[in-house]
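Working notes, structure below.
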Amino acid sequence: MELTFNQFRSLMLAAGYDEVIERTWPPQTRLEEHSHPFEANGIVVSGVMNLFVTGESPRTLSSGDTYHVLAGVMHAETYGDEGTTVWAARKNNDNHPPTT
C-alpha cells in the first residue's frame, strides 16, 4: 500500500507533530551544515536525498525511505540530479516557528 500525503499528514499530526509539508528541491541543491529549532520526520517521495548527520554515517535516501533529525542536530543535505520531493513533519521543541 502506498501512502498518500493526506495519510502521512494525518499520521504525523496524530503523533504530535505541529506541521506537515511537501517540499520539492531543484536538481543538485546543496544545503550546507545547519540545524533547526524543530524535530523533522520525513519520507522521500521522489528523487534522491543524501543526508549527512553529525556523528552518523552518511545516508543516501530514495523514494520510500524515511529520515528523522532531532531539533538542534547539525546536518547537511544534497539532492539528486533530477530534483527531490520530500514530505516532512515538524515538531517545534523550543516554541520557535519553523524556518526552513
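None of the figures in this text is laboratory data; all of them are computed from the coordinates on show. Bear in mind the structure is a predicted one, so any value in this text is a computation, not a measurement. Reconstructed Cβ throughout: ideal geometry from the backbone, glycine too, with neighbour counts over all protein chains shown.
With neighbours defined as other Cβ atoms within 10 Å of a residue's Cβ, the residues D65, D81 order from fewest to most as D81, D65.
For the chain, a crude dipole built from +1 on the beta carbon of Lys and Arg and -1 on the beta carbon of Asp and Glu, taken about the Cα centre, is about 140 debye to the nearest 20. For the chain, the 222 nm mean residue ellipticity estimated from helices alone, with every DSSP H stretch of n ≥ 4 adding -39500 (n - 2.57) and the total spread over all residues, rounds to -3000 deg cm²/dmol. Its residue count N sets the reference 2.2 N^0.38 Å, and the alpha-carbon radius of gyration of the stretch 5-92 equals 1.03 times that reference. For the stretch 11-100, applying the loop criterion from DSSP together with a ceiling of 15 other beta carbons within 10 Å to the GluC sites (Glu not before Pro) yields E56, E82. With the charge dipole of the chain set up from +1 on Lys and Arg Cβ and -1 on Asp and Glu Cβ about the Cα centre, the Cα lying farthest toward the positive end among the listed residues L13, L61, H36 is that of L13. For the chain, the relative contact order comes to 40 percent (Cα pairs under 8 Å, sequence separation of at least 6).
Dividing the convex hull volume of the alpha-carbon atoms in the stretch 1-53 by its residue count gives 113 Å³ per residue.
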